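Everything on this sheet refers to the single structure shown next.
Each reported figure results from applying straightforward, stated rules to the coordinates on display, with no laboratory input. Not measured: the values here are computed from a predicted model. Positions of Cβ are generated from backbone atoms using ideal geometry, with glycine treated the same way; all protein chains shown enter the neighbour counts.
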Amino acid sequence: MKRRVILEVSVALACVMVCLAVWLFASMLTAPEPIAERESETEPEPEYTHFVILDPGHGGEYPGCIRGGVEEKALTLEICTRIRDKLRESAVDALMTRETDVTVTLDERCEIANASEAELFVSVHVNSYPEEAIAGLESYFYKGSESGKALSDSVLAHAESAGIRTRYSREGNYQVIRDTKVPAILVETGYMTNPAELELLMSADYQDKLAEAIAGAIVEYLGSAE
């Protein structure tokens with residue numbers, strides 16, 4: 001009887017040991033690999049070769065031109081966002097003076113540019129005029145700025161190549177191109193007071209065409225300045 005009890009106990013212990021061995025083996029198969037050995041799940045930081053400032057005109061309490069319920073500040077923000085995204089695809093980082101509908105004064109816009117290490121400052125606006133027939137993109141640079149003129153002329157050339165109606169590239173005395181220390185231009189992307197052009201400016205496809213032309217001019221300028 002005593003031997004039978006000992007045998008039963010031995011069998012039970014053996015079963016327990018086998019179960020433990022199986023559990024340990026299964027745990028080793030399903031256990032997550034050490035953190036140090038896992039591949040990184042985070043995206044690598046993009047490498048940018050240049051840095052510019054984009055300035056969506058108006059914003060917040062300054063809507064700019066308003067036509068048919070459309071506000072200039074909304075159009076400039078949309079166009080600048082598209083320019084920024086296209087620049088980043090070309091290894092050019094872009095900081096925007098505003099990314100939402102907030103008030104940014106002219107002094108603050110200049111301070112942002114001057115405090116940065118940006119190579120360029122590009123302010124984007126939409127024009128207006130009492131005569132509805134007036135239409136077309138215009139680009140301005142501050143007098144005496146050869147780099148500003150070169151970029152402004154390039155914007156006009158790229159716009160024309162894209163089939164965008166243009167007017168001219170010429171000197172201007174706007175604060176955001178006068179008081180910035182880096183090469184700067186101000187682009188009037190069209191006229192909201194021209195019904196046909198306003199319809200275009202509200203179109204996502206046309207906004208993308210404008211952004212492609214302006215971003216292309218910026219990339220070309222930065223490449224030639226190296």
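For His125, His158, which order do you get if you count the other beta carbons within 10 Å of each Cβ and list the fewest first?
Working: His125 25, His158 21.
Sorted ascending by nearby Cβ count, the order is His158, His125.
Between Gln175 and Ala162, what is the label-to-label distance in nm when each label sits 7 Å out along the Cα-to-Cβ direction?
2.8
If you take the square roots of the eigenvalues of the alpha-carbon gyration tensor of the range 131-183 and sort them as a ≥ b ≥ c, do you get rounded (a/c under 1.5), prolate (a/b over b/c) or oblate?
oblate
With label points built 7 Å along Cα→Cβ from the Cα atoms of Glu199 and Glu132, find their separation and express it in nm.
A separation of 1.2 nm, rounded to one decimal place.
For a quick check: with amide H placed at 1.01 Å from N, whose amide H comes under 5 Å from Gly136's, ignoring anything fewer than 5 positions away on the same chain?
So Gly136 has HN proximity to Tyr191.
Apply the Karplus parameterisation 6.51 cos²θ - 1.76 cosθ + 1.60, with θ equal to phi minus 60°, to every residue of the range 200-215 and state each ³J(HN,Hα) to the nearest whole Hz, in sequence, with x for glycine and proline.
Using θ = phi - 60°, the values come out as 5, 4, 7, 7, 4, 5, 6, 4, 5, 5, 4, 4, 4, 5, 5, 4 Hz.
Among Arg88, Arg82, which comes first, second and so on when ranked by fewest other beta-carbon atoms within 10 Å?
Arg88, Arg82
Mind checking which lysines have their Cα closer than 24 Å to the Cα of Lys209? Skip sequence neighbours fewer than 8 apart in that chain.
Lys209 reaches Lys73, Lys86, Lys149.
Sort the range 149-226 into rounded, prolate or oblate with this rule: let a ≥ b ≥ c be the square roots of the eigenvalues of the Cα gyration tensor; rounded if a/c is under 1.5, and if a/c is not under 1.5, prolate when a/b is larger than b/c, oblate otherwise.
oblate
Take peptides 68-76, 54-62 and line them up by average Cβ neighbours within 10 Å, highest first, as a rough protection proxy.
Per-residue mean Cβ counts within 10 Å order the peptides as 54-62, 68-76.
Please find the FRET efficiency linking Glu47 to Glu220, where r is the Cβ-Cβ separation and R0 is fixed at 22 Å, and quote it to the nearest 0.05.
Numbers: r = 20 Å, r/R0 = 0.91.
That pair, Glu47 with Glu220, gives E of 0.65.
Say each of Arg88 and Leu106 gets a label point 7 Å from the Cα, pointing the same way as Cα to Cβ; how far apart are those two points in nm?
Rounded to a tenth, the inter-label distance reads 3.1 nm.
Which three numbers, in whole Å and largest first, are the semi-axes of the equivalent ellipsoid of the range 50-225 derived from its Cα gyration tensor as √(5λ)? Mind dumping the intermediate values first?
Working: eigenvalues 98, 65, 49 Å².
Semi-axes from the Cα gyration tensor: 22, 18, 16 Å.
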